[in-house]
Amino acid sequence: MKARENRRNFLDFVFPDDRNRFYELYKKMKNGKELSELQELRLTKRSGAIIHFLFNTVPLIKEKEISGMRISGFDIRPILSKSLSVDEEFFKEFSLSPREKEVLKLWIQGYQIKEIASTLFIAESTVKIHIGSIYSKLDVKNKAEFFEFIKNYQIKKFGYESFLFSILSQLIKN
């Protein structure tokens, strides 16, 4: 019985703020509603790192009743990093330092401040200072404005159709 006690339920890995939404999806599926669209939620690894998980579900049927769900998905951070990546011209144009460049690349991928600090072997406060400096150089106030700025920069540089095509091609490759 001890082995069973050490096992974790899938819901244990769902980021606490996303658990209610995930449970609502499960209830909809359990009640027979087809969930054909992709969903996104955050999962927490045992290490505490967060994965942004894009997934689809399929009901598991046992004795003509839905007994659970099969979940298939992947971490979307690598896709985000490629679809919202910036080139060397961007770093030069906005005079970003080599360390700001490293922080920005991880920030675009969805890494949290703690994860960036751990990856780059620097203090969390240093990461915050670099993010503040990047925001200042780009004249944005928060993360939402930052991502809007990056998206608009790519659209301005490559055109909207090229921007969409780059996102779609990354989805197809992965």
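The values are calculated or read from the model by the stated rules, or taken from the named source; none is laboratory data. These numbers were taken from a predicted model, which means no experiment stands behind them. All Cβ positions, glycine included, derive from the backbone under ideal geometry; neighbour counts span all protein chains shown. Side chains included, ligands, DNA and RNA excluded: accessible areas come from the protein's heavy atoms. Shrake-Rupley method; radii C 1.70, N 1.55, O 1.52, S 1.80 Å.
Just a few scattered comments:
- Cut-off 11 Å between beta-carbons: net charge of the residues surrounding K30, Lys and Arg +1, Asp and Glu -1: +1
- Sorting M69, M29 on solvent-accessible area from highest to lowest, probe radius 1.4 Å, gives M69, M29.
- Ranked order, F90, F53 - accessible area, probe 1.4 Å, largest first: F53, F90
- Heavy-atom accessible area per residue - the range 32-146, 1.4 Å, Å²: 60
- Net length gained if the chain between E63 and D12 were fully extended (0.36 nm per residue, minus Cα distance): 15.6 nm
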